[in-house]
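Contents: one structure, followed by commentary.
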Amino acid sequence: MPSYSYRCDEGCRFDAIYPMAEVPGETECRSCGAIARRGITAPHLSVAGSAAYQLIDRTARSAHEPQVVDRLPARGSGAVQRTTQNPLHAKLPRS
């Protein structure tokens with residue numbers, strides 16, 4: 001829900017959250033109880049870049065449209081993981 005800024009005649013300022021269809025032009029001040037009027041403010045825009053938006057869209061899309069896999073992914077040319085010889089590592093939980 002969007003946030004709206006209000007200011008009363010006493011000089012108090014506060015933000016309130018309302019659904020867009022139910023935004024009052026005036027409300028009671030939270031500090032002094034006087035009538036506070038809604039002011040005009042700049043919108044709160046996200047500072048996330050386009051890569052962040054793409055990630056959010058892909059995550060939301062994969063929740064109900066999972067990608068179909070028909071084979072195992074190709075094995076990369078990464079280094080082979082070595083097995084430890086430290087006996088203390090045997091006590092660690094396994095996943």
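The values are calculated or read from the model by the stated rules, or taken from the named source; none is laboratory data. Here the structure is a predicted model, which is why all the values come from computation and not from measurement. Here Cβ is always computed from backbone atoms with ideal geometry, including for glycine, and neighbour counts include all displayed protein chains. The area values use the complete protein model at the heavy-atom level, side chains included, leaving out ligands, DNA and RNA. Shrake-Rupley method; radii C 1.70, N 1.55, O 1.52, S 1.80 Å.
Of all residues in the range 1-15, those satisfying the criterion of being at pLDDT 90 or above and open to solvent by 100 Å² or more (accessible area, probe 1.4 Å) are R7, D9, E10, R13.
Scanning the range 16-45 for residues that are touching a Phe, Trp or Tyr at 6+ places or on another chain (Cβ under 9 Å) and surrounded by 12 or more Cβ atoms within 10 Å (Cβ to Cβ) gives A16, Y18, V23, P24, T27, C29, R30, S31, A36, R37, R38. Restricting the first member to the range 19-34 and to residues that are among the aliphatic types (A, V, I, L, M), and the second to residues that are open to solvent by less than 100 Å² (accessible area, probe 1.4 Å) and assigned to a strand (DSSP E or B), the beta-carbon pairs closer than 7 Å and six or more apart or on different chains are V23/Y4; A34/C8.
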